[in-house]
Amino acid sequence: MCGIVGLLARTSEFREQLGQMLTPMLVCMGDRGPDSAGLAIFSSAIKPSLRQFSLFASQRGFDWLDLRDRLRRDTGEDADIETLENHAKLTTSVLPGKVRSWLAENFREIHLLAVGRSIELYKDEGHPSDIAARYRFSQLTGTHAVGHTRMATESAVTPAHAHPYTAGEDFCLVHNGSLSNPWSLRRMLEKRGIHFETDNDTEAACRYLEWRMSQGDTLEEALQKAFTELDGFYTLLMATADKMVLVRDAFACKPAIIAETTDYIAVSSEFRSLAHLPGIHQARLFEPVPEEIYSWNV
Amino acid sequence: MERLDLSHLSVRELNQYLHHELPKNGVEELEIVNPNGLHSIAVGLTVPVRIRVLGHAGYYLAGMNQQAEITVQGNVGWSVAENMMSGMVKVKGFASECAGASAHGGLLVVEGSASSRCGISMKGVDIVVGEDVGHMSAFMAQAGKLVICGNAGASLGDSLYEAVIYVRGAIHSLGADAREEPMAENDYCTVDELLAKAGINYSSKEFKRVASARTLYHWNAEAGQEY
């Protein structure tokens, strides 16, 4: 069992409250997933020449300023860093491939959680309420966000195994369920040079979809193929820079509920985590049906 | 009328009151407010009390119900009235999966749609759904009647035993061993009676009957993988 939550703001006022509204949703779903949690939040894109990198250090007190200074020195390009607990957001004009290899050479202990012009990602081990407080989720603002509370069933409990998973740029995925063919997907993708970071089944789904998109599919087209390729149980909630997308597998035994108002689209595993949202009793509430793609643009 | 507020009481406190205090004090009618999608509201009741739940409830509402009449002015989550023994549960909105799962008796009415696996393994309950049901509804249903006023999703009545299904709308597909059969006079009476009890106004003439072909009752080793 895991919990998934997502919220897309339809007004500028609601964007300012995104973290404040989403945090109780995530904390409530801590009942479905108490061992780790994560959140990806999207905001207006930064300049095309820049990328922001969400980084995680398992050791508290890691010297992030040293990392920034060494990146500046080694590349001759500018870099800024904002830090919070075990997390940092590095903004730089250094290309993503270069940052990735530079981190692997110089800071093997640093985990790259996400990269893009819009995405910022936090995930860690512990109860979702502790993680939400540690990373001040309620203060976050943005256009849309997806979150996850994990009860591990198939791989270890570590920050790296927490969701959301990312692949490529400005794409993330959270998953409630379990896949039965992640290893065959993984072997197929590894043959194509795609690198995996964990042994988690969700990572296979995430990298499969990103691979399809890198081949020219839209996310919706990639999901149509995923209905055939992914074997197992899943409710998947995904986000890109400009949309939030939800699907359930053919069996639909992992729950989801959608609430739609003029102010927001909210998605959760259970209605009770939406009960605090303004206007929820006037919202259009419905349950997503199997193998239907629900997509909302920012 | 007595009013219990779940923004002040926990579900455990509410249910303990309903189990232990209510039978003693003879209350016949009460309201539960602010259900806010909480699970297990009013489970395991054993007395003929009328309860109105004002708002959306979570999983297992009115599970194991005996005698009580419970109306929800909203939607419910998974497994409403699961294992109900008697009484009536009415949902004015929609119900999520497994509505009426394994229920032995009583009447479950969902005025909106019920999603997948509605009436799974039902054992004698009657269920009336005002709109559609999702896939695998009445899977392995053993006894009782499922009346669907809208359409039915894929694999309706898969591995059906002696429960009977009546469908007014279209059937996406029938499950293994389920078959459409002609309506007989007593079928029309049954449907009219259940619709009247549910307060839903359709004519039984619009319904078709689905029941078990009973070919799965005895294992046929020669059938190979045909099942």
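Just so you know, all these numbers are worked out from the coordinates, no wet-lab data involved. None of these values were measured; they are calculated from a predicted model. Virtual Cβ from ideal backbone geometry, glycine too; neighbours counted across all protein chains shown.
Here are the numbers for the structure shown:
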read-out	value
Stokes-Einstein translational diffusion, chain A - Kirkwood Rh over all Cα pairs, 1.002 mPa s, 20 °C, in µm²/s	112
Helical mean residue ellipticity (222 nm; -39500 (n - 2.57) per DSSP H run of 4+; nearest 500) of chain B	-3000 deg cm²/dmol
Nearest-0.05 FRET efficiency for B:Glu162 and A:Glu190, computed from C-beta distance (R0 51 Å)	0.45
Inter-label distance, nm, simple model (7 Å from Cα along the C-beta direction), B:Arg50/A:Thr141	5.2
Size descriptor, Kirkwood hydrodynamic radius, that averages inverse alpha-carbon separations across segment B:1-55, Å	11.2
Sum of side-chain charges, A:Arg272 neighbourhood, beta-carbon under 13 Å (Lys, Arg +1; Asp, Glu -1)	-1
Scattering curve values for the protein assembly as shown, log₁₀ I(q)/I(0), Debye with Cα scatterers, q = 0.07, 0.09 Å⁻¹	-0.45, -0.71
Segment A:69-76 - phi-based ³J(HN,Hα) in whole Hz, Karplus 6.51/-1.76/1.60, Gly and Pro as x	5, 5, 5, 4, 5, 6, 10, x
Orientation-averaged projected area, Cα convex hull of segment B:43-86 (nm²)	2.5
Unsatisfied cross-links (Cα-Cα over 31 Å) in the set A:Lys243/B:Lys90; A:Lys123/B:Lys90; A:Lys98/A:Lys191; A:Lys47/A:Lys225	A:Lys243/B:Lys90; A:Lys123/B:Lys90; A:Lys47/A:Lys225
Distance (nanometres) between label positions extended 7 Å along Cα→Cβ at B:Asp5 and A:Asp80	4.8
Two-site label geometry, A:Glu169 and A:Ser58: point separation in nm, points 7 Å out along Cα→Cβ	3.0
Zone of A:Leu95's modelled label, taken as backbone nitrogen in segment A:158-195 under 17 Å from a point 7 Å along Cα→Cβ	A:168-169
Summed side-chain charge close to A:Ala156 - residues other than A:Ala156 whose Cβ falls under 12 Å, Lys, Arg +1, Asp, Glu -1	-3
Descending Cα extents along the principal axes, chain B, whole Å	60, 38, 27
Among A:150-163, A:76-89, B:128-141, the order from most to least packed when residues are scored by Cβ within 10 Å on average	B:128-141, A:150-163, A:76-89
Under 12 Å, Cβ to Cβ, from A:Leu65 - net charge with Lys/Arg +1 and Asp/Glu -1	-2
Bins of 5 Å, starting at 0 and running to the largest distance - Cα pair percent for segment A:48-117	3, 18, 33, 30, 13, 3, 0
